[in-house]
Structure formats: C-alpha cells, structure tokens
Amino acid sequence: MKSLRTAAALAALTCLSLAPPAGAAALKTAVFAGGCFWSAEKAMESLPGVTDVVSGYAGGALKNPTYENHRGHLEAVKVTYDPARISYAKLVDGFFHHIDPTDAGGQICDRGPSYTTAVFVADNAETATAQAVKAQVAKTLGKPVATRILTGGQFWRAEAYHQDYAKKNPANYNAYRIGCGRDRALKAVWGPASR
C-alpha cells in the first residue's frame, strides 16, 4: 500500500512539474519574409525571447513548394517566440532592423520576387501593430517602406538542408554574407541602429 501511495505521489509531482507555471504565456508564432531565409533565420534567432526559427516558403498558392519550384512564394521564416519575453511589436521592429525595408526588388544581393519582404499577420491586432511599426520605420528612415503586410496563410517548411544553415555551414554562410555585402548595406540603411 505504501508503494502505491508513493507511486501516486510521484505521478502527481511529475504532472505538476510538466505543467507551465500559473500565468505563464503560451508560445506564439509569427511569419516574416526577409529576403534569403538563411539570413532571416540567423537574424531572428538573435532576438531575446525567440525560441525557434524555421526556414520555409509563404505567400503563394503553390502547394508543397520546394527550393527549385516555389513560384509565387516568398522565402520566409516561421518564428516561435515567448510573448512574456518579447512583444509582437518588438519582434516586428527587430525584423525591420535586419532588412532593408525600402528595397522593393529583393534584399541586398538577392533579387527577385521571392526575396521581397513581408510581415504575415494572423489577426487584426497583429495587423495594427505591424502597420504602426512600419509607419515608425518609414518616419525613422525618412523614406517609403516597401515591406508588405500580408494576411497569413499556409507556411511551408523548406528542405532540411536549409534549416539552421548559418549554424551548420558557418564558413559557407559567412562567405555568402560577406560576398553579398549584407552588413555594409544594412549599416548604410540603419546607421548605428543596424543589427
């Protein structure tokens, strides 16, 4: 009987330890298109409160897009974040500071429709927040912002070799980043506020 009570007590403690603390916010997700998803993934992972970033495709009608065929889609990242550590507004602002939001033709050396920028919103609150941040960015830069705010839709995960590319292939990623002139270009846009 004693062992049965001990087992029940251990089971109850295990369940309690797995439950989130009272008042803990659930994790949320947001989708951003910031040009090359390797760079967007690396940038968004650097923000405090971000717990995961997945590279993929969003914004198009084509089902099951691939790197070789993602016509109509933008290269995008799905960001999982803890709203208790970073607000949606700060997440959107962080995204803007990692791109050239005035570039309507792509990002830095990556040109074409699939490299254009967008914030994919899930509801009216996210729409209002994204629009407010975009307006502040335009005011700060003194230029129109080309980044679109789009209604969210299906996010398609990219192939495995694209996931965590900068971490798994640091030499290749750094060669791409330097060759592209990404840091120099972002500093030209944002000055000391570039991230």
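List of remarks:
- Amide H contacts under 5 Å for LEU150, placed H, 5+ residues apart: VAL119, PHE120, VAL121
- Dimensions of the range 133-190 from C-alpha coordinates, computed as largest minus smallest value along each principal axis and given longest first, are 37, 33, 13 Å.
- For the chain, the dipole from Cβ point charges (+1 on Lys and Arg, -1 on Asp and Glu) about the Cα centre works out to 260 debye, to the nearest 20.
- Interchain or long-range residues, amide H under 5 Å from ASP52's placed H: THR80
- For the chain, modelled as a GNM whose springs connect Cα atoms under 10 angstrom apart, the maximal fluctuation among ALA185, ALA146, ALA125 occurs at ALA125.
- Values (1) 61, 32, 25; (2) 73, 36, 34; (3) 45, 41, 34 are given for comparison; Cα extents along the principal axes in Å, derived from the coordinates here, is the one labelled (2).
- Straight Cα distances below 18 angstrom link LYS167 to the lysines LYS42, LYS78, with same-chain residues fewer than 8 positions distant left out.
- Residues of type lysines that LYS143 reaches as a straight line, Cα spacing below 25 Å, ignoring anything fewer than 8 places off in the same chain: LYS90, LYS134, LYS187
No lab work stands behind these numbers, since they all come straight from the coordinates. Remember, it's a predicted structure, so these values are computed and weren't measured experimentally. Counting neighbours? That spans all protein chains shown, and the Cβs are built from the backbone with ideal geometry, glycine included.
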